[in-house]
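Report on one structure; see the data block that follows.
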Amino acid sequence: MSALAGQHGAINLGQGFPDFQMDEELAELAAKAIMDGHNQYAPMAGHLPLREAIATKIQQRYNCTVSPADCITITPGGSYAIYTAFTTILEKGDEVIVFEPAYDSYIPNIIANGAVPVRIPLVFPEYKIDWEKVKAAISSKTKAIIINSPHNPTGSLLSHEDLLTLQDLLRDTHIFLVSDEVYEHLVFDGLQHNSVLKYPELFSRSFVCFSFGKVYNCTGWKLGYCVAPATLMAEFRKIHQFDAFCCFTPTQVALASHLGKAEKYLQLSSFMQEKRDLFLDAMKESNFTMLHSSGSYFVCATYEKISTMPAMDLAVHMTKTVGVASIPVSAFYTDGHDDHVLRFCFAKSAATLQDAAKKLSGISSLG
């Protein structure tokens, strides 16, 4: 859809990346790190001062004590961390429970490792987990469950009660948990992010994956990290050592000092909520029905007043004729299940959001 948007000069509310500049101070720190000579290999697990800063943040935010030396590995992006976690634990024929709509790398990651995705649909339109279906899906072949909160593509959150239910389900099993928390600081309306790191019983079986790109609006840096108990992280690193070995050093050096400024990431929720609210307000005159988003870069919408087209067809048609690109949520289901929902990314400048909403509000009917 991004390529199609470029081809037709459409406003791109499809792919999840900001169209505004990242934090200038962090950019300057990265440039300084290059000029100061931090241009050789970092340690395999990552620049130690950065891992130490992450451990401090985890203690302060989630009351979880982890060893910077043994429990944290810097990775080339959050998606890489998820793939490496799967590669660490999966063998041929294993089953992994996945909730759909799902971020598009999960199921290919599972299949590439010879395992079998067991897909469970989230309950529409709130996109909540039906825990009875999860309980019914667990079998002797279940090796792992992957969760994602705040959720891409829908913006839903896992509650404290959800995590306690998951904890009860996994107790007395050998099932691993992969937790995708790349949008940890994009939580709105005064709600809290319920990280797996807050729940010692869950963390003991988990690989928890994060992204600096989503925190500091620098997705092109492709830098993230994985947190896991030392015994699991030792196995994770056996894969990482021969896949990437290490990550770009200057950005690690820059982040090591920048991460200590908690106000930089703590203000992100209000900053991005303003963008969500601006877009929702501008869309009030449209014929879309906006669904609720409690977090992430994204808000979804149904379009029953506009069209009966499949979501994919409508998204393509809108890109070409209206000049706004979106992503059909049906693309996040393996079987293309279609509730006639589009996903819009609001991590854009105010001008971009207002221009897009004006175009979208002009749609009366598209067949």
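Quick notes
- Output for region 50-86, where each listed residue is part of a loop (DSSP other than H, G, I, E, B) and either more than 21 Å from residue 250 (Cα to Cα) or within 18 Å of the chain's Cα centre (by Cα) (or both): 63, 64, 65, 66, 67, 70, 71, 76, 77
- Exactly one residue out of 34, 97, 89 is more than 26 Å from residue 169 (Cα to Cα) and in the same structural domain as residue 232 (by TED's automatic domain parsing): that is 34.
- Residues in region 97-128 that are part of a loop (DSSP other than H, G, I, E, B) and more than 20 Å from residue 207 (Cα to Cα): 101, 122, 124, 125, 126, 127.
- Meets criteria (within 21 Å of residue 184 (Cβ to Cβ) and touching a residue at least 12 places away in the same chain (Cβ under 8 Å)) for residue 67: yes
- Residue in region 270-283 that is part of a loop (DSSP other than H, G, I, E, B), among the acidic types (Asp, Glu) and over 20 Å from residue 85 (Cβ atoms) present: no
- Residue under evaluation residue 267, criteria (1) modelled with pLDDT of 95 or more; (2) exposed (fewer than 15 other Cβ atoms within 10 Å of the Cβ); (3) among the polar types (S, T, N, Q), criterion not met: (1)
- Screening the candidates 107, 74, 97 for the property of being within 25 Å of residue 245 (Cβ to Cβ) and surrounded by 18 or more Cβ atoms within 10 Å (Cβ to Cβ) yields one hit, 74.
- Counting only helices (runs of 4 or more DSSP H) that fall entirely inside region 201-269 and contain at least 3 residues that are in contact (Cβ under 8 Å) with a residue 12 or more places away in the chain and hydrophobic (A, V, I, L, M, F, W, C), the qualifying elements are 230-243, 249-258.
- Boolean, residue 301 is part of a helix (DSSP H, G or I) and buried (at least 21 other Cβ atoms within 10 Å of the Cβ): no
- Residue 34 being crowded, with 21+ Cβ neighbours inside 10 Å and either closer than 30 Å to residue 276 by Cβ or in contact with a Pro (Cβ under 9 Å, 6 or more places away or on another chain) (or both): no
- Matching residues in region 281-293 - criterion: being of a type outside the set (Asp, Glu) and surrounded by fewer than 18 Cβ atoms within 10 Å (Cβ to Cβ): 284, 289, 290, 292
- Residue in region 305-323 that is in contact with a Phe, Trp or Tyr (Cβ under 9 Å, 6 or more places away or on another chain), over 19 Å from residue 153 (Cβ atoms) and either surrounded by fewer than 16 Cβ atoms within 10 Å (Cβ to Cβ) or of a type in the set (D, E, K, R) (or both) present: yes
- Qualifying position, being within 27 Å of residue 329 (Cβ to Cβ), surrounded by fewer than 18 Cβ atoms within 10 Å (Cβ to Cβ) and touching a Phe, Trp or Tyr at 6+ places or on another chain (Cβ under 9 Å), among 17, 86: 17
- Test result for residue 178, β-branched (Val, Ile, Thr), farther than 15 Å from residue 62 by Cα and surrounded by fewer than 24 Cβ atoms within 10 Å (Cβ to Cβ): no
- Looking only at region 18-49, and only at residues there that are part of a loop (DSSP other than H, G, I, E, B) and modelled with pLDDT under 95, the one that is farthest from residue 344 (Cα to Cα): 23
The values are calculated or read from the model by the stated rules, or taken from the named source; none is laboratory data. Note that the structure is predicted; figures quoted are calculated from it, not measured. Heads up, the Cβs are rebuilt from the backbone with ideal geometry, glycines too, and the neighbour counts pull from every protein chain shown.
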